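Accompanying notes for the structure given below.
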Amino acid sequence: MGNMPTTFRHDDTLMARRNQSQLPSVEGARKVRGRPFQPGNPGRPLGSKNKATLILEKLVEKHAEEFGQKMGELAKAGNVRALEFWLDRLLPKRSGRPIELQLPKIKSASDVPVAMAAVAAAVCSGSITPDEASQLVHLLERYSNAIIASEFAVRLQNLEAQVQMMIPLKR
């Protein structure tokens, strides 16, 4: 085990360098990346833009209508990329779609299983996708938890009121 080999595989390089003490010591020395800020200087504010972005935004702002018309002309002429760009801007992709589904009214936590059964039936009939059903079931579970918490709070207040009435007032 004494001597380390002088040729290494790529995986062994770091370990061999550590063993040969070729890496700088971490103790006491802290490597500073880039230009350090002066103490108390937080750097660029969050959300601020760099100069190149500001210049490009001004350029696009001045010529936005012209760019839009040109993209429309290219799309009409059959340029598929221009058409794709144009449609992506006019009709952005939606993260979901409205779902028409009749669910029973939910007044208590005991009504939630009936609503979940309606969601399962909708998946079986193909009117909603399993992903949409999953989101609805999650919503129903959260709603059920909110109902249970609300009912629990009312019951707790009633019990506390009863206890207060039973305890004689101390004066």
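Computed from the coordinates by the stated procedures, all read-outs in this text should not be read as laboratory data. Note that the structure is predicted; figures quoted are calculated from it, not measured. Cβ sites come from the backbone with ideal geometry, for glycine too, and all protein chains shown count toward neighbours.
Shape call for segment 51-90 from the C-alpha gyration tensor, a ≥ b ≥ c root eigenvalues: rounded (a/c under 1.5), prolate (a/b greater than b/c) or oblate?
Cα axes put segment 51-90 in the prolate bin.
Quote the FRET efficiency, to the nearest 0.05, computed for Glu141 versus Ala52 with a Förster distance R0 of 45 Å and r equal to the Cβ-Cβ distance.
The computed FRET efficiency comes out at 0.40.
What's the ranking of 47-56, 79-88 by average number of surrounding C-beta atoms within 10 Å, highest first? Display every interim value, and only then the final one.
Working: 47-56: 9.1, 79-88: 12.9.
Final packing ranking: 79-88, 47-56.
For the residue pair Glu73 and Arg44, what label-to-label distance in nm results when each label sits 7 Å from Cα along the Cα-to-beta-carbon direction?
Once both label points are built, they end up 3.5 nm from each other.
Excluding residues on the same chain fewer than 8 positions from Lys76, give the aspartates and glutamates whose Cα lies under 13 Å from its Cα.
Partners within reach: Glu84.
For a Förster distance of 30 Å, can you work out the FRET efficiency between the beta-carbons of Arg155 and Ala118, rounded to the nearest 0.05?
0.55
As an exercise, use a Förster radius of 35 Å and the Cβ-Cβ distance of Leu90 and Thr129 to find the FRET efficiency, rounded to the nearest 0.05.
0.90
Enumerate the calculated ³J(HN,Hα) couplings along segment 120-131 in order (Karplus 6.51 cos²θ - 1.76 cosθ + 1.60, θ = phi - 60°), each rounded to whole Hz, writing x wherever the residue is Gly or Pro.
4, 5, 5, 5, 4, 7, x, 6, 9, 7, x, 5
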